[in-house]
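Chemist: Sending over a structure as structure tokens; questions will come in a sec.
The values are calculated or read from the model by the stated rules, or taken from the named source; none is laboratory data. As the structure is a computational prediction, the values presented were derived from the model and not from experiment. Note that we place each Cβ from the backbone using ideal geometry, even for glycine, and neighbour counts take in every protein chain shown.
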Amino acid sequence: MIETALSRRTVLAGAAIAGMALPAHRALGAPEYAGPATDGSADVIVIGAGLAGLSAARHLQAQGSSVIVLEARGRAGGRVHSQRLDGGQMIDLGAQFIGDAHTHVAALAAEAGLRRISAAVPGDLLHMSSEDAAPLRGSPEALPLPMIDRLDALQALWRIERSVASFSGEDLARLDRIDAATFLRDKTFLDPAYRAIGGYVEGEMCTALADVSAYEALEQGASIGGFSGEGSSIQWFLADGAEGMTRYLADAVGGSLILNAPVSRVAQEAGAVTVTAATGTYRADRAIVAVPPQFYGTIGVLQELPPSWQAALGGWRLGSVVKTILVFKEPWWRRAGLSGMIVNPGGVFGAALDASPEDGRGILIVFSTAQGAQALSRLPDEKARVAAAMRWLRHAHGTGIPEPIEARSIDWSADPFSLGGYASRRGIGGWAAAPDLFAPHGQLHFAGTETANRWRSFMDGAVQSGLRAAGEILGAGTLPSVQGAD
Ligand SMILES: Cc1cc2nc3c(=O)[nH]c(=O)nc-3n(C[C@H](O)[C@H](O)[C@H](O)COP(=O)(O)OP(=O)(O)OC[C@H]3O[C@@H](n4cnc5c(N)ncnc54)[C@H](O)[C@@H]3O)c2cc1C
């Protein structure tokens, strides 16, 4: 049995380095931690303090297990990151929107006492069939496409929704060989419907349809309740930012959380796990790997996995997303009876949404995903991305719109501890290669939104996956505290 509990020395060292910020683009393989190396041991080591890792850690601690959480960044939260702007406005640079169907996240926000703001804004939307096309105004219920294109889109949506509803995984071998673009082409007759649905699905998946299989797309659809489920995932957001939830969890986990501790090696031996981080070497009975799968190689987990898993992870596709946040003195679009929503499927800027606070300011969130995000990544800096977003907004609304009073534009692919968007994905053939990917393997358990089977790529999937991984460990009944031996 491994000696439990984090040593006092480790906690103090963790606290001492908590304020240190890492250089933004430091290579993962070469930790720059300059403090004293520390050792520690616990029942479980959790690697990554995003929503998934923190949820797992809190649950394990609540059940009496000792935990060490190792986080590479100088903050907890991962892809949940809120920031107060100079003008006092709280914005979410990463995850923000929540729906009532996100039961885990809704419960967490309520428990943390966080105040909601409704994301429902009445009014028309603007639809742009291409970057240069004149915007068409219409109701959010029916895309303002010409009649024949709308009928084509409707029949295709109906057929896809039926495939999602009857999705059982039976046709894995066939569907995992076809790319999602080919699958969608087969469901649509005309280009406009293909572009409208394809752009929407790419926005949801953060990945080009040609890069993922039809199986991956249908599985994702089934995991979120199809188009109608996805549509209900944007009902509200949190007045003081989504990070209120990760701060709440981090507070609960307390001194067990070690920041600025990028992990570079994980080794399983004789029923135990040894984890090497920039801050020291840690030992435990089990480890929960709660970093996105694109980091499994960097942290030395990949080589611990079976060949079929390595094959699936070898074809892993990184999602891409750039989130641009434009703050205006007021939500001027509402005066014109507009909801602020723009849909531009397949465009560099794929969608805009109103996420205005209650203080009278107006905030538009502009999303760029897949190839659109990659195009923005090639611009020189954040200022250039904001300027491009404003040019697009002027094309949609006219040149007379006001300048933003503040703006941010975050390229998540350039973030060294995310390297991708809402989620990364299995490539073509990835499901057939390893249907059991992310099942427990030896002393290792896997969490993170990419490993979830409900609401994958959403915060809810992350929380759910963390609780599932903690449950696997507690259910195995092998920890000293679970056996009541300590
Ligand atoms: C722009 C954007 C918008 C989004 N919008 C929404 C939304 O509106 N609604 C919604 O529900 N979801 C949204 N999401 C998705 C949501 O953010 C994620 O599903 C969720 O936060 C993932 O949590 P996680 O714990 O699985 O992963 P992460 O948050 O990525 O956590 C993983 C952690 O591992 C750490 N790590 C990485 N490498 C190492 C290492 N070597 N050693 C130690 N630690 C390491 C990282 O620093 C990170 O803290 C959005 C995401 C983005 C990027």
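Chemist: Tally time: how many residues in region 414-439 are among the hydroxyl-bearing types (Ser, Thr, Tyr) and out of contact with any Ser or Thr (no Cβ under 7 Å at 6 or more places or on another chain)?
Modeler: As a first pass, look at region 414-439 and keep what is among the hydroxyl-bearing types (Ser, Thr, Tyr): 418, 422, 424.
Retained after the next criterion (residues that are out of contact with any Ser or Thr (no Cβ under 7 Å at 6 or more places or on another chain)): 418, 424.
Here the count works out to 2.
Chemist: Here is a further query. Does region 338-394 hold any residues that are within 24 Å of GLY241 (Cα to Cα), among the polar types (S, T, N, Q) and within 18 Å of the chain's Cα centre (by Cα), and which are they?
Modeler: Across region 338-394, the qualifying residues are SER368, THR369.
Chemist: If you take the residues in region 269-285 that are under 28 Å from the mean Cα position of the chain (by Cα) and either surrounded by fewer than 17 Cβ atoms within 10 Å (Cβ to Cβ) or away from the ligand (no atom under 13 Å from the Cβ) (or both), which one is nearest to ALA112 (Cα to Cα)? Break it down stepwise before answering.
Modeler: Here is the first cut: in region 269-285, the residues under 28 Å from the mean Cα position of the chain (by Cα) are 273-279, 282, 284.
Add one more test, that the residue is either surrounded by fewer than 17 Cβ atoms within 10 Å (Cβ to Cβ) or away from the ligand (no atom under 13 Å from the Cβ) (or both), and what stays is 273-274, 284.
Values: VAL273: 33, THR274: 33, ALA284: 30 Å.
The qualifying residue nearest to ALA112 (Cα to Cα) is ALA284.
Chemist: Can you pull out every residue in region 378-432 that is within 16 Å of the ligand (Cβ to nearest atom), assigned to a loop (DSSP other than H, G, I, E, B) and of a type outside the set (A, V, I, L, M, F, W, C)? If you could, list the steps in order and put the result at the bottom.
Modeler: The initial filter retains those residues of region 378-432 that are within 16 Å of the ligand (Cβ to nearest atom), namely 382, 385-386, 389, 407-426.
Now narrow it down to the ones that are assigned to a loop (DSSP other than H, G, I, E, B): 415-424, 426.
Within region 378-432, ASP415, PRO416, SER418, GLY420, GLY421, TYR422, SER424, ARG426 meet the criteria.
Chemist: Among the residues of region 437-474, which ones are more than 15 Å from the ligand (Cβ to nearest atom), without any contact (Cβ under 8 Å) to a residue 40 or more places away in the chain and part of a loop (DSSP other than H, G, I, E, B)?
Modeler: ALA439, PRO440
Chemist: Quick test of your reading of the structure: GLY241 fulfils all but one of (1) farther than 23 Å from TRP455 by Cβ; (2) part of a loop (DSSP other than H, G, I, E, B). Name the failing condition by number.
Modeler: (1)
Chemist: Restricting to region 286-314, count the residues that are buried (at least 18 other Cβ atoms within 10 Å of the Cβ) and within 12 Å of the ligand (Cβ to nearest atom). If you could, list the steps in order and put the result at the bottom.
Modeler: Initial filter on region 286-314 (buried (at least 18 other Cβ atoms within 10 Å of the Cβ)): 286-293, 295-296, 298-299, 301, 304-305, 309, 312-313.
Narrowing the set further to residues that are within 12 Å of the ligand (Cβ to nearest atom) leaves 287-293, 295-296, 298-299, 301.
So the answer is 12.
Chemist: Given the conditions (1) within 11 Å of the ligand (Cβ to nearest atom); (2) surrounded by 19 or more Cβ atoms within 10 Å (Cβ to Cβ); (3) farther than 29 Å from ALA375 by Cβ, and given that GLY74 satisfies all but one, which numbered condition is not satisfied?
Modeler: (2)
Chemist: Looking only at region 143-152, which residues are hydrophobic (A, V, I, L, M, F, W, C), surrounded by 12 or more Cβ atoms within 10 Å (Cβ to Cβ) and at pLDDT below 90?
Modeler: LEU143, LEU145
Chemist: Has region 88-109 got at least one residue that is over 26 Å from ALA193 (Cα atoms) and more than 21 Å from the chain's Cα centre (by Cα)?
Modeler: Of the residues in region 88-109, the ones over 26 Å from ALA193 (Cα atoms) are 88-109.
Of the ones still in play, those that are also more than 21 Å from the chain's Cα centre (by Cα) are 88-89.
Yes - at least one qualifying residue is present in region 88-109.
Chemist: Here is a follow-up. When you go through (1) within 9 Å of the ligand (Cβ to nearest atom); (2) assigned by TED's automatic domain parsing to the domain that holds ARG247; (3) out of contact with any Gly (no Cβ under 7 Å at 6 or more places or on another chain) one by one for HIS102, which number turns out not to apply?
Modeler: With respect to (1) within 9 Å of the ligand (Cβ to nearest atom); (2) assigned by TED's automatic domain parsing to the domain that holds ARG247; (3) out of contact with any Gly (no Cβ under 7 Å at 6 or more places or on another chain), HIS102 is out only on (2).
Chemist: Next up: Residues in region 117-139 that are surrounded by 12 or more Cβ atoms within 10 Å (Cβ to Cβ) and under 17 Å from ILE365 (Cα atoms): how many?
Modeler: Within region 117-139, residues that are surrounded by 12 or more Cβ atoms within 10 Å (Cβ to Cβ) and under 17 Å from ILE365 (Cα atoms) number 9.
Chemist: Give the number of residues within region 327-347 that are closer than 19 Å to THR399 by Cα and either assigned to a loop (DSSP other than H, G, I, E, B) or among the acidic types (Asp, Glu) (or both).
Modeler: Step one: filter region 327-347 for residues closer than 19 Å to THR399 by Cα, giving 327-344.
Those left that are additionally either assigned to a loop (DSSP other than H, G, I, E, B) or among the acidic types (Asp, Glu) (or both): 329-331, 336-337, 344.
Number satisfying all stated conditions: 6.
Chemist: Then there is this: Scan region 237-268 residue by residue and report those that are within 17 Å of the chain's Cα centre (by Cα), more than 10 Å from the ligand (Cβ to nearest atom) and of a type outside the set (D, E, K, R).
Modeler: Matches in region 237-268: LEU238, GLY241, GLY244.
Chemist: Still on this model: Does at least one position in region 353-368 carry a residue that is out of contact with any Lys or Arg (no Cβ under 9 Å at 6 or more places or on another chain) and closer than 15 Å to LEU126 by Cβ?
Modeler: Looking for residues that are out of contact with any Lys or Arg (no Cβ under 9 Å at 6 or more places or on another chain) and closer than 15 Å to LEU126 by Cβ, one finds at least one in region 353-368, hence yes.
Chemist: A further question on this structure: Identify all residues within region 118-169 that are free of Cβ contacts under 8 Å to residues at least 40 places away in the same chain, touching a Gly at 6+ places or on another chain (Cβ under 8 Å) and within 22 Å of GLY229 (Cβ to Cβ); write none if there are none.
Modeler: Listed by number, the list is empty, since nothing qualifies.
Chemist: Given GLN61, GLN83, GLN96, which one is of a type in the set (S, T, N, Q) and within 6 Å of the ligand (Cβ to nearest atom)? Talk me through it step by step, then tell me what you get.
Modeler: Values: GLN61 fails: within 6 Å of the ligand (Cβ to nearest atom); GLN83 fails: within 6 Å of the ligand (Cβ to nearest atom).
Step by step, each of GLN61, GLN83, GLN96 is checked, and only GLN96 is of a type in the set (S, T, N, Q) and within 6 Å of the ligand (Cβ to nearest atom).
Chemist: With ARG79, ARG84 as the choices, which residue is under 25 Å from ILE365 (Cα atoms) and either surrounded by fewer than 19 Cβ atoms within 10 Å (Cβ to Cβ) or without any contact (Cβ under 8 Å) to a residue 40 or more places away in the chain (or both)? Walk me through it before giving the result.
Modeler: Values: ARG79 fails: either surrounded by fewer than 19 Cβ atoms within 10 Å (Cβ to Cβ) or without any contact (Cβ under 8 Å) to a residue 40 or more places away in the chain (or both).
Among ARG79, ARG84, only ARG84 is under 25 Å from ILE365 (Cα atoms) and either surrounded by fewer than 19 Cβ atoms within 10 Å (Cβ to Cβ) or without any contact (Cβ under 8 Å) to a residue 40 or more places away in the chain (or both).
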